[in-house]
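Here's the structure, in structure tokens; my notes come after.
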Amino acid sequence: MMDPTTDNAGSSDSARSSLESLRTEIGKAVVGQDPAVTGLVVALLCRGHVLLEGVPGVAKTLLVRALAASLELDTKRVQFTPDLMPSDVTGSLIYDARTTEFSFQPGPVFTNLLLADEINRTPPKTQSSLLEAMEERQVTVDGTPRPLPEPFLVAATQNPVEYEGTYPLPEAQLDRFLLKLTVPLPSRQDEINVLTRHAEGFNPRDLAAAGIRPVAGPSDLEAARAAVAKTSVSPEITAYVVDICRATRESPSLTLGASPRGATALLSTARAWAWLTGRDYVIPDDVKALALPTLRHRVQLRPEAEMEGVTADSVINAILAHVPAPR
């Protein structure tokens, strides 16, 4: 008779292997963005959402499309524009003249992986249409709540350098994102590799031709999430996470520090990272590894600090250097 513990361990290892293979598949289309790929996998494990920030042309959209192609999940894309209406995202009631009744027509948010492209180009009214979906995982239309599919993840992109015609995301919306991942310009060698691929015929609009295939599905995610939930956290690690978040609230460079939701998010992402690296317990290095992407969008700089060139990342790094880690 098979030992259930052994069976669970095998299922966990199989799920970890499937999720790790996502990096290989995505790498067939996207070069040199391993931290962003890892962040997307962590978000999937934590049932969280991701904000991708980078200048135009660094493969933010391609990254999400490659992730979708590597998963056996339904995916939809919405290009956020100033004239986009909330019903264009959530869906609306449509009158049927034949039956003389209204029927609900689901919007693109009813999917597993929603790519919200250039989310800060749409007004707050439409941005807010995603708040209920991201937090409650449902959409309410005409007083009737309608659950979203499981799993459900919003991957939103935004441009950090062009502010004309944009609507900055309010703090309440930013706090709904588990991670904010920066997508940097590639290194010289990575850029050479990108151009070489294009010269050899790579077409970013045809991912199937690039050889990307589904390597993980809902069952793998379910097994992985169950394993992450069993990853142990010592009282010392919990206190360490709290101390880091409390230090952001006391920083003289910040007007807004991380909330308790931010602390919960940091603990969740650290557990997911610990499991991905093959451990069933969290260490301080796991917390440090995920502190920047988990907290950078949950803090707000003072204007004078911003004028002096201080960034959210530099403040968080200083806090990590100052707060003593448990031994």
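The values are calculated or read from the model by the stated rules, or taken from the named source; none is laboratory data. All values derive from a computational prediction rather than experimental measurement. Cβ placement follows ideal geometry from the backbone for every residue including glycine, while neighbour counts extend to all protein chains displayed. The protein model used for the area step is the full one, side chains on, heavy atoms only, and it has no ligands, DNA or RNA in it. Shrake-Rupley method; radii C 1.70, N 1.55, O 1.52, S 1.80 Å.
The table below gives the values:
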item	result
Residue tally, condition closer than 30 Å to residue 322 by Cβ and of a type in the set (Gly, Ala, Ser), over the stretch 206-245	3
Any pair with Cβ under 7 angstrom, 6 or more apart, that starts in the stretch 289-314 at a residue that is farther than 24 Å from residue 42 by Cα and ends at one that is open to solvent by less than 50 Å² (accessible area, probe 1.4 Å) and among the small types (Gly, Ala, Ser)	301/253; 301/312; 302/253; 305/253; 310/253
Filter result (under 30 Å from residue 130 (Cα atoms) and open to solvent by 60 Å² or more (accessible area, probe 1.4 Å)) within the stretch 177-207	182, 184, 185, 205, 206
Out of 282, 215, 241, 228, sole residue that is in contact (Cβ under 8 Å) with a residue 40 or more places away in the chain, farther than 30 Å from residue 73 by Cα and in contact with a Leu (Cβ under 9 Å, 6 or more places away or on another chain)	241
Cβ-Cβ under 9 Å pairs, at least 6 apart or on other chains, the stretch 137-162 side in contact (Cβ under 8 Å) with a residue 12 or more places away in the chain and open to solvent by less than 30 Å² (accessible area, probe 1.4 Å), far side in a strand (DSSP E or B) and among the β-branched types (Val, Ile, Thr)	148/139; 153/50; 154/50; 155/50; 156/50
Members of the stretch 224-247 found to be assigned to a helix (DSSP H, G or I) and open to solvent by less than 30 Å² (accessible area, probe 1.4 Å), listed by number	224, 225, 227, 228, 237, 240, 241, 244, 245, 247
Strands (runs of 3 or more DSSP E) wholly inside the stretch 123-167 containing at least 3 residues that are over 18 Å from the mean Cα position of the chain (by Cα)	138-141, 144-147
Spans of helices (runs of 4 or more DSSP H) in the stretch 248-327 with at least 2 residues surrounded by 14 or more Cβ atoms within 10 Å (Cβ to Cβ) and not acidic (Asp, Glu)	260-276, 284-295, 312-322
Qualifying residues in the stretch 208-223 (those that are part of a helix (DSSP H, G or I) and more than 21 Å from residue 35 (Cβ to Cβ)) - the one most open to solvent (accessible area, probe 1.4 Å)	222
Per-region count, the stretch 191-242, residues over 23 Å from the mean Cα position of the chain (by Cα), modelled with pLDDT of 95 or more and of a type in the set (A, V, I, L, M, F, W, C)	2
